[in-house]
Amino acid sequence: MTPQPPTDVNGSARVAQRGMGALAEKMGMQFLEFSVDRCVATLPVEGNTQPVGLMHGGAYVVLAESLGSMAANLHAGPGRLALGVDINATHTRSATSGLVTGVCTPVHLGRSLTVHEIAVSDDQGRRLSTVRITNMIKSAPTV
C-alpha cells in the first residue's frame, strides 16, 4: 500500500505557497477546506455568467478542475506533480445568483493516477453539476 500524506497537514499552507492560479483568482474562487480527503471552494455567480444571466458551465468546470488538480497534487506529495488527463461534467441545474460551492472527494488515490468527483451546488444545496477528473502523477521537473 502506498503511504498517504496526513489529511490536512500543510494543505492551507500549500495553497498559500503555490497560490490558486491566475484564472481561479480572476474568477473570484475562495478555498474553504483543503486536504487529501476533502477540498471545498466557492465561486461567485456574478462575473461568471453567460450572456443570458446563467452561470457559465465552463465556470463549474474551472472550479472543479482547480479543486481536483490541487487535491491530486497534495496527494502526490513533494517532488511529484499531478497533471489532468481527463475531465467530464454533467450540468443538471443553473445558478443565476449567489455563490456556488464545489466539494471534491477522492474516488481513487493511487501512485500514478488519481480520480476525484466534484459536486457543485448552489446556495440552497441543490446540485448544479457533477464533475469527474483524472490526474496522472509523475516526477516533478527539476528547475
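Show the residue pairs meeting these rules: Cβ distance below 6 Å; 6+ apart or different chains; first residue within region 53-68 and on the phi < 0 side of the Ramachandran plot and surrounded by fewer than 20 Cβ atoms within 10 Å (Cβ to Cβ); second residue assigned to a helix (DSSP H, G or I) and at pLDDT below 95.
Between residues of region 53-68 that are on the phi < 0 side of the Ramachandran plot and surrounded by fewer than 20 Cβ atoms within 10 Å (Cβ to Cβ) and residues that are assigned to a helix (DSSP H, G or I) and at pLDDT below 95, there is no close pair.
Being outside any loop (DSSP other than H, G, I, E, B) and of a type in the set (S, T, N, Q) is the filter; apply it to region 15-46 and report the residue that is modelled with the highest pLDDT. Lay out the reasoning, then the answer.
Applying the first criterion (outside any loop (DSSP other than H, G, I, E, B)) to region 15-46 yields 15-18, 22-27, 30-34, 39-44.
Right, trim to of a type in the set (S, T, N, Q) and you get 17, 30, 42.
Numbers: Gln17: 58, Gln30: 95, Thr42: 98.
Ranking the candidates gives Thr42 first.
The values are calculated or read from the model by the stated rules, or taken from the named source; none is laboratory data. These numbers come from a predicted model, not from an experiment. FYI the Cβ positions are ideal-geometry reconstructions off the backbone, even for glycines, and counts take in every protein chain you see.
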